[in-house]
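Just below is one structure, and these are the notes that go with it.
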Amino acid sequence: MTALDRRTLMAVSVAGIATPTTLGARECATMDWITMSLEARNLAYNNVEHVGPENARKKTEEWATASQTLREQRPKHLDLAYGNEERNKWDLYPANDPKAPCFVHIHGGYWQRGSKEIFACLSEGPLARGWSAALCGYTLAPEATLTQITNELKSAFDWLSVKASEHGIQGPIIVTGWSAGGHLSSFILDHPKVAAGLAISGVFDLGALRDSPHVNDKVKLSEEEIQNLSPMRRPIVNKPLGIAYGTGELPAMIASSRDYHAYRSQGHVPGDLIPIANTNHFTILDELRQPNSTLTRAVIAMAEYQTA
């Protein structure tokens, strides 16, 4: 399918979506995954294989090392429990100005890997701009279903709504997330505490992952979860949401972001589509560590959207 054909199909398909919660997978989908073979579909969303397992491991270890340093430098508000499960905890990094915006990041790992401890360094860019930052943990699959994970996130943001000011965070909450966290940041956008968001390299129709063993062997998505938890099948939230992807990512991952932005555009809601040049699914995150990068500036713009 050519780029023009894709754009035409996407425009026609998205324009026909009136009530996403009532549509089936084939009607809602605007990506090529619906016509892929099972083998092709599995590879289409396997980001580790795309960049190479060794490259993914090295990048993750690099983040973990930098994050350990950041946590050691800012130990005062770590591991604050919002629930009863082991991973139900927040790390908060308040700014000098309590009313500064707060960068909240939800980590990725296809809902089965990762932790707030690994990704703390992604707050370096916003922290350097005078923002507060916060990262939350959640129970991973297969110990938790995706329904349980999303319910934990709701509880986490309920806690943040009540408790953040006690820890010096009173400004607007701008939620971001990467990969699985890109999906989760979109899902939690409707929480009253969230002012705006930035979804990075997410999958927004979960039906695409149902037959991908590297994801669904542990996540075990149900048909009900695919329908109810896919942002492409949920009502559009009228809050600013930027949608970013790396130009070097897998074509299906790029299409996921582009299709979701097109879907939201039908509701005339604010939020830019943000391609980050010369980055893949992993290297795109290094942008958040730089105060003046395209991605950090996109986060800043989300706060400006909601105050305009």
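The values are calculated or read from the model by the stated rules, or taken from the named source; none is laboratory data. Bear in mind the structure is a predicted one, so any value in this text is a computation, not a measurement. Note that each Cβ is placed from the backbone with ideal geometry, even for glycine, and that neighbours are counted across all protein chains shown. Areas reflect the complete protein model, heavy atoms only, side chains present, ligands, DNA and RNA absent. Shrake-Rupley method; radii C 1.70, N 1.55, O 1.52, S 1.80 Å.
Considering segment 181-198 alone, what residues qualify as being within 14 Å of residue 153 (Cβ to Cβ) and touching a Leu at 6+ places or on another chain (Cβ under 9 Å)?
Matches in segment 181-198: 182, 183, 184, 185, 186, 187, 188, 189, 191, 193, 197.
I want to confirm something. Restricting to segment 240-251 and keeping residues that are surrounded by fewer than 21 Cβ atoms within 10 Å (Cβ to Cβ) and out of contact with any Pro (no Cβ under 8 Å at 6 or more places or on another chain), which single residue is farthest from residue 299 (Cα to Cα)?
Restricting to residues being surrounded by fewer than 21 Cβ atoms within 10 Å (Cβ to Cβ) and out of contact with any Pro (no Cβ under 8 Å at 6 or more places or on another chain), the top hit is 251.
Condition first: in a loop (DSSP other than H, G, I, E, B) and open to solvent by less than 20 Å² (accessible area, probe 1.4 Å). Now tell me which residues in segment 192-220 satisfy that.
Result: 201, 202, 203, 204, 205, 212.
Yes or no: segment 164-173 includes at least one residue that is of a type in the set (Ser, Thr, Tyr), open to solvent by less than 40 Å² (accessible area, probe 1.4 Å) and not in a strand (DSSP E or B).
no
How about segment 67-80: which of its residues are touching a residue at least 12 places away in the same chain (Cβ under 8 Å) and assigned to a loop (DSSP other than H, G, I, E, B)?
Across segment 67-80, the qualifying residues are 74, 77, 78, 79.
Restricting to segment 263-299, and then to whatever is touching a residue at least 40 places away in the same chain (Cβ under 8 Å), open to solvent by less than 20 Å² (accessible area, probe 1.4 Å) and part of a helix (DSSP H, G or I), can you tell me which residue is nearest to residue 64 (Cα to Cα)?
285
Would a scan of segment 120-128 turn up a residue that is free of Cβ contacts under 8 Å to residues at least 40 places away in the same chain, among the aliphatic types (A, V, I, L, M), under 18 Å from residue 197 (Cα atoms) and surrounded by 17 or more Cβ atoms within 10 Å (Cβ to Cβ)?
The answer is yes, given that some residue of segment 120-128 is free of Cβ contacts under 8 Å to residues at least 40 places away in the same chain, among the aliphatic types (A, V, I, L, M), under 18 Å from residue 197 (Cα atoms) and surrounded by 17 or more Cβ atoms within 10 Å (Cβ to Cβ).
Let's see how each residue does on (1) buried (at least 22 other Cβ atoms within 10 Å of the Cβ); (2) farther than 16 Å from residue 169 by Cα; (3) in contact with a Lys or Arg (Cβ under 8 Å, 6 or more places away or on another chain):
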{"position": "47", "(1), (2), (3)": "no, yes, no"}
{"position": "61", "(1), (2), (3)": "no, yes, no"}
{"position": "95", "(1), (2), (3)": "no, no, no"}
{"position": "107", "(1), (2), (3)": "yes, yes, yes"}
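Mind telling me which of the residues 100, 44 ends up being at pLDDT 75 or above, hydrophobic (A, V, I, L, M, F, W, C) and over 26 Å from residue 251 (Cβ atoms)?
100
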